[in-house]
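Structure, as structure tokens:
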Amino acid sequence: HPEDLRSQSFWSVNDHMKYGPEKQYINGEEDTSSVFVPFTATVDSAVVQDIELSAYLDLIFEPILQSNSNIEAIYFATPRDVVRYYPNINLGDVLPPDFQATGRIWYKGSLERGASHKEPWWTPAYLDATGLGIVTTAAAPVYGNQGDLLGVVGMDVTLTEMRTSIESKELLPGGYSFLIDDSGRAIALPERGFLDILERPSEPEEFGADLSVTTTGFAPILASMKAGESGFKSIEIKGKEFFVAYAPLESSGWSLGSVIEAKNVLKSLSSLQGDLESATRSLIFNRILPVSAVVLALVIILGLTLTNHLVYPIQKLAEAAEKIKSGHWEVELPAARNDEIGVLAQAFEGMTSQLHKLVVNLEQRVAERTQELEHRAVQLRAAAEVGHAAASFRDLNELLRQVTQLISERFGFYHVGIFLLDEGDKYAVLRAANSEGGQLMLERGHQLKVGEQGIVGYVTEVGRARIALDVGDDAIHFQNPLLPKTRSEMALPLIAADQLLGAIDIQSKLEAAFSQEDIKILQVLADQVAIALQNAYLFQELQNSLRETNNLYRLHTQQAWLRAGMETAHAGYQYDRLQVTPVDHQHLPSSILDQIRAGKTVTTSSEEDFGKSKSTLLVPILVQGQVIGILGLEDTDPEHAWSVEEISLVETISTQLSLTLENIRLLDETQKRAEREALIADITRRMRETLDIDSVLQTSVREIGESLGLQEVTVNLGLNHGRIRADHDW
């Protein structure tokens, strides 16, 4: 109906939907499919959108159902309990008004499995709500491009005919078959099965009996069937011996078993053997004796041939079973026959084929799983190595360079780049890369706008990993001419302490090079790198803080010693072997003074420096890297050369002198601070001795003046009016 698709609304809710007698929201019988919304749901814009969008499924449901005779119904349910069902059976008359599809096993089970598999599955058998009887459903969750759940689609297959066929089928005379699901509940079980397995008769209309509760000899067989195994076992129950053969139905997870009592297997063989013996005796006594010896020999040969014809196939089956038990699958079975032995041989051949396929599949799956585990182990070791290396660096640039190089080498990726957000969180800036193209991008200051450019822009906006298995089909991928070999790309967020720092960009030359498991392992690695980055940031901040603190302390020390120098009575002191005398400021040549200010020790014997012939040793006195003075030694011998030991001794004395002077200054500063605090406390105490404002003001000016030795102290309250004034003169 192309004309419908060209209209403004393909399937309008206003034209098709109505409220039922019990407030359920339904459509009419004239539509292709039936729509149902329970009265418990609010018909808002979201529900209306679910109904109108699901109408396009009519174009899909009808041809699917018409081309598959095994399907009884096909339907789709949304998270808001909107159900669209084909064929149209007028769900409003069939379902209770509060029916919620989201509570059904095919919906809930699909979400539980879909969270990890997102693939179709067969539900356990259950009683259908629309009256189809016992059904099983092939269901699958449906997700949008952004990973949001759109709903669950299901197709019903009735089990009534299959159940009747299994329960009435006898593979061998006196035997029966039964079918169970992966939880051990019976899907098909004849009355003899109830008596043998559960030791009780069936209830009227009983379905889904739990066979796993049995304590008979069937218990270990049922456990094997639930585990998806195949086998052929002999058990004994109440003095009866049973043969049980079983094999899984791999597409559904169910298992089919066949049971026959041992005596019934050999009943036909015993009957044939008795008839043969009776006929042989009759021939011998009534007919063969009068006949010639040639006829007698022929009859004996015929009897032996007939006996071998019955016994030989049984022996071949036993020998084949022993070979299969030893792991030899290529065995010779008896030729096809139309009797009971032939049926048994055919069943044995089918069971052997299924067992062989099962073993081959298991071996293949084990090999694949082993290879996958080895690959994951290599990845985990590489991630641990990269994380350990990242934690050992404190320099940010070296950390980024080493991480990109190690990830590329250990994981074999074509390009690895690390982007960090700028201060405004507007751009992701490339800070390190391992490939040649990445190095050119670094030189050009490559950056991507957050939320707008490439997969990295997407990840640095939402804070979640993203994979492009084929960059040619990915709408977000940024095509970079410097990385022409890229076929798949993955970006991982760098998050530490809930703060998004940037992203790791990983590109491969192979299509579909990444999986969800790769995301998990590499995200752990990205988290370790993010923590290392944050530690590097903190280390840089700490280093900057220490430098600032040291600079401030040196400045404070320098200013304090300038004040101390101005307050001292003399510039310094000298000793001439007779006495200690004060000295004024000594003028030094600028060349020597510059070296002293640089913290260097100076030796000289030049008359041009001091105007007299002497050998001089000048050692700076340093406090916090600041020169606060000079320790000088003079020798009247101008040829005296200061030895290394002498210079080292004087430098050590200078160090001890600087420590002592600094300690004395700090002690003096502490004492003055203590005296000031005590003075403030004493003045405050005296002011608080009275509650009268005038008394407080007079006490304040008096105590301040006496404590500081001032000539006059004045306090005014009310600057504009001068209403309250207190002063004191000395």
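In this structure, does Gly445 turn out to be small (Gly, Ala, Ser), open to solvent by 10 Å² or more (accessible area, probe 1.4 Å) and within 22 Å of Ile521 (Cβ to Cβ)? It is false that Gly445 is small (Gly, Ala, Ser), open to solvent by 10 Å² or more (accessible area, probe 1.4 Å) and within 22 Å of Ile521 (Cβ to Cβ). For segment 91-105, the set of residues classified as open to solvent by less than 10 Å² (accessible area, probe 1.4 Å) and closer than 21 Å to Trp121 by Cα consists of Ala101 only.
Is it fair to say Glu112 is within 24 Å of Tyr143 (Cβ to Cβ), open to solvent by 10 Å² or more (accessible area, probe 1.4 Å) and in a loop (DSSP other than H, G, I, E, B)? Judged against the criteria, Glu112 is not a match.
The set of residues in segment 510-554 being assigned to a helix (DSSP H, G or I), among the hydroxyl-bearing types (Ser, Thr, Tyr) and over 30 Å from Val623 (Cβ atoms) consists of Tyr537 alone. Mind listing just one residue for me: the one in segment 666-710 that is open to solvent by 90 Å² or more (accessible area, probe 1.4 Å) and of a type in the set (Lys, Arg) and, of those, farthest from Tyr553 (Cα to Cα)? Among those that are open to solvent by 90 Å² or more (accessible area, probe 1.4 Å) and of a type in the set (Lys, Arg), it is Arg688. Residues in segment 181-236 that are in contact with a Ser or Thr (Cβ under 9 Å, 6 or more places away or on another chain), open to solvent by less than 30 Å² (accessible area, probe 1.4 Å) and over 24 Å from Thr160 (Cα atoms): Ser224, Ser230, Gly231, Ile235. Residue pairs whose Cβ atoms lie under 6 Å apart, separated by 6 or more positions or on different chains, with the first residue in segment 414-437 and closer than 19 Å to Val529 by Cα and the second surrounded by fewer than 21 Cβ atoms within 10 Å (Cβ to Cβ) and basic (Lys, Arg), are Ile418/Arg431; Leu420/Arg431; Ala432/Arg401.
If the condition is being open to solvent by 10 Å² or more (accessible area, probe 1.4 Å) and small (Gly, Ala, Ser), then segment 59-90 contributes Ser67, Ser69. Within segment 82-95, the only residue that satisfies the criterion of being more than 17 Å from His16 (Cβ to Cβ) and touching a residue at least 40 places away in the same chain (Cβ under 8 Å) is Leu95. Which residue out of Glu712, Glu651, Glu677, Glu706 is closer than 30 Å to Gly599 by Cβ, out of contact with any Pro (no Cβ under 6 Å at 6 or more places or on another chain) and of a type in the set (Asp, Glu)? The unique qualifying residue is Glu651. Inside segment 616-663, can you point out the residues that are touching a strand residue (DSSP E or B) at 6+ places or on another chain (Cβ under 6 Å), acidic (Asp, Glu) and assigned to a helix (DSSP H, G or I)? Within segment 616-663, Glu651, Glu662 qualify.
Residues in segment 125-180 that are assigned to a loop (DSSP other than H, G, I, E, B), under 21 Å from Glu112 (Cα atoms) and either acidic (Asp, Glu) or open to solvent by less than 50 Å² (accessible area, probe 1.4 Å) (or both): Ala125, Asp128, Gly144, Gly147, Asp148.
The requirement of being touching a Phe, Trp or Tyr at 6+ places or on another chain (Cβ under 7 Å) and part of a strand (DSSP E or B) is not satisfied by Leu420.
Whether a residue is farther than 16 Å from Gln499 by Cα and among the aromatic types (Phe, Trp, Tyr) was assessed, and Phe411 passes this test.
Scan segment 625-654 residue by residue and report those that are surrounded by fewer than 16 Cβ atoms within 10 Å (Cβ to Cβ) and within 16 Å of Trp561 (Cβ to Cβ). Result: Gly625, single match.
Evaluate segment 78-101: report whether one residue or more is among the hydroxyl-bearing types (Ser, Thr, Tyr), under 23 Å from Gln49 (Cα atoms) and assigned to a loop (DSSP other than H, G, I, E, B). Spell out how you get there, then give the answer.
First, pick out the residues of segment 78-101 that are among the hydroxyl-bearing types (Ser, Thr, Tyr): 78, 85-86.
This time we only want the ones that are under 23 Å from Gln49 (Cα atoms), so: 78, 85-86.
Among the residues that remain, those that are also assigned to a loop (DSSP other than H, G, I, E, B) are: 78.
Within segment 78-101 (the criterion being among the hydroxyl-bearing types (Ser, Thr, Tyr), under 23 Å from Gln49 (Cα atoms) and assigned to a loop (DSSP other than H, G, I, E, B)), the answer is yes, since at least one residue qualifies.
Within segment 492-512, the set of residues being surrounded by 17 or more Cβ atoms within 10 Å (Cβ to Cβ) and touching a residue at least 60 places away in the same chain (Cβ under 8 Å) comprises Leu494, Leu500, Leu501, Gly502, Ala503, Ile504, Asp505, Ile506, Gln507, Ser508.
A search for C-beta distances below 6 Å between a residue of segment 1-26 that is closer than 19 Å to Asp58 by Cα and any residue that is in a loop (DSSP other than H, G, I, E, B) and modelled with pLDDT under 90, counting only pairs 6+ apart in sequence or on different chains, returns Asp4/Phe10.
The values are calculated or read from the model by the stated rules, or taken from the named source; none is laboratory data. Predicted, not measured: the structure shown is a model, and the values here were computed from it. Because the Cβ atoms are built from the backbone with ideal geometry, glycine has one as well, and the counts that use them run over all protein chains shown. For the accessible areas, the whole protein counts, side chains as well, though only heavy atoms, and no ligand, DNA or RNA atoms are used. Shrake-Rupley method; radii C 1.70, N 1.55, O 1.52, S 1.80 Å.
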